[in-house]
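What follows is a single structure, written as structure tokens, with notes after it.
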Amino acid sequence: MPSLASFKIIPPIDTYPVIVDFAQTRAGKVALLIVFAFGLSFCSVSWPYTSAILLVMTFLPRYRAILLVAATFGTFMRSGWSDFPVWSGGGQGLPGGALFKPLIVAAVLVAFALYYRAVRQGKGRWLSQRPVRNLLVWYCGLLVLAAQLPPAGSAAVIVWAFAIVFGKYLWFFNYALLDRNAKDTAPLALQTGHFIPFWGGYNTPFPKGAAYLRKIEARTPAQLAVCQLKGIKLIYWTVVLLLLQRVLRQILYGHPGDSFLGIDVSLAIPSLSDVLHGRPDDPYPWHINWLALTANFFYKLVAFSVWGHGIVAVCRMAGYNALRNTCNPLRSATIAEFWNRYYYYFKELLVDNFFYPAFLRYWKNRPRLRLFFATMSAAGFGNVLYHFLRDIHEIINRGPWDALVSFHVYMFYGVVLGAAIGLSQLFENKKRQDMSWLKRNLINPFCVIAFYCVLSIFDDPDRNLTILDNFAFVLRLL
């Protein structure tokens, strides 16, 4: 009889030989798709369209790469290219009408294709030696150039539209550049299928780039069956977390008298934004500030898990056995471990684009300084650069310099986070099995959660606040 410790809310169906064998038959594949579509219907309004794509990819796995390209661009056309919001220069309208967005997307892809070809053919030249760095520098230069154009002119609209769309693709392009010299890398035309793929993951590539997709692709019927069964497990775990999210929202933020699933109890806790701005005439008590901060941290954790699990579940059903984006972060015994567990694919993006280049280039004779510097390059500099470029609307509205100044709170956040992760790797590099049970499972996780919870004060997206406002809130917690 199974013990209570082995009980799982979602059973490990991918380990049952009978189910795995059944999933390889035609009837089994249809059954899996139906079961997955039912779970997906709770998480996505576009579940019929996504399910139709997965049906074709399941029965034609040989053409998975081509189908992925068709599905990705089909999703853009179906949504009216809404994944590429462009600036209209004060509402004057877009030149070219309905064709403007697809033409801009085509121009971005062609521009990168020319750059990609020049990098591959220019071995030994400066362009191919640091292609990711060069692309980032060029993109930042494009933003500065666009800011100099008259905002009411058509030229500004076109250049800013190009910059916005290029920014959406930027980190996907970087992964393609990192994989350019691999012997089995696919032609760039096929790689466009996982540039903003149909399963989601905008700005941050899910799951990474072409090299990772080749590694995790299901190549046999048995591998595909196991991969899709894992996708079903994850989508139903997403449904469970979605229900938990609704319950938390009701209990934490709902209004008295509201009801969800018969729950009409609500703490009516103010949002973190409310307590950060404060009330000069009637400030919130210290315990309300703590409640708002803690509630915001755990609610965002659940909501973030729902978002990432839904993307990875669809990716698995498409035949790519991707790791989860968020995996048991509350069990983390160190600060570095939490960062790895909370947002895995963002961490991987920073590691591939910033950590490894710094680690392989600088301080080779001083290993501890080398590790710390590379960590600061990724979790500090790379983290800040990513979010600064992501919020391109702030650059458009404020200008590059004012946008950078208004970003100083997140810069502080990035420096503290990078330093904490670096020190965690240097001084907390003790194996989990060497710790006592109490320290491994209670004391260390509590300290790690408390650190990230307090640090989240400086992760607030409101750029109207200064760092003095954030520190004033820290004092109000006392």
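Which whole-number percent of Cα pairs in region 37-79 have a distance greater than 14 Å? Tail of the P(r) past 14 Å holds 49 percent of the pairs.
Counting 0.36 nm for each residue step from A111 to L475 and taking away their Cα separation leaves a gain of 126.0 nm.
Length, then width, then depth: along the principal axes, the Cα atoms of region 320-395 run 38, 36, 26 Å. In plain terms, the chain from C140 to I66 could stretch by 23.4 nm, reckoned as 0.36 nm per residue minus the Cα-Cα distance. For region 21-179, the alpha carbon convex hull comes to 154 Å³ per residue, rounded to a whole number. Estimated from the Cβ-Cβ distance and a Förster radius of 25 angstrom, the FRET efficiency linking R78 and A222 is about 0.15. Could you list log10 I(q)/I(0) for region 334-478 at q = 0.10, 0.11 Å⁻¹, which the Debye formula gives when each Cα is one point scatterer? Taking Cα atoms of region 334-478 as identical point scatterers yields -0.41, -0.49. Which values, in whole Å and largest first, are the semi-axes of the equivalent ellipsoid of region 298-354 obtained as the square root of 5 times each eigenvalue of the Cα gyration tensor? Ellipsoid semi-axes (Å, largest first): 19, 16, 9. Rounded to whole Å, the principal axis extents of the Cα atoms in region 199-345 read 65, 36, 28, largest first. For region 1-88, the spherically averaged projection of the C-alpha convex hull amounts to 9.2 nm².
Shown for the chain are the DSSP H helices of 27 Å or more along their axis, judged by Cα atoms, with a mean Kyte-Doolittle hydropathy of at least -1.0: 100-121, 154-178, 221-248, 286-317, 408-427. Per the Cα gyration tensor, region 97-195 maps to an equivalent ellipsoid with semi-axes of 26, 17, 9 Å, ordered largest to smallest. You can think of it this way: the chain between I9 and D184 has 59.0 nm of extra reach, that is 0.36 nm per residue less the Cα-Cα gap. Evaluating kT/(6 pi eta Rh) at 10 °C and 1.306 mPa s, with the Kirkwood radius of region 237-476 over Cα pairs in the Stokes-Einstein relation, gives 80 µm² s⁻¹. Measuring nothing but how far apart in sequence close Cα pairs (under 8 Å, 6+ apart) lie, relative to its length, the chain scores a relative contact order of 16 percent. In this calculation the C-beta distance from N365 to L127 is compared with R0 = 41 Å, giving a FRET efficiency of 0.90. Charged side chains reduced to their Cβ positions (Lys and Arg at +1, Asp and Glu at -1) give the chain a dipole of some 2100 debye around its Cα centre. Note on the chain: Cα-only Rg and Dmax are 23.9, 74 Å.
Quick note: the coordinates plus some simple rules give every number you see, no bench work behind them. Computed from a predicted model, the values in this text were never measured in an experiment. Positions of Cβ are backbone-derived with ideal geometry, glycine not excepted, and every protein chain shown enters the neighbour counts.
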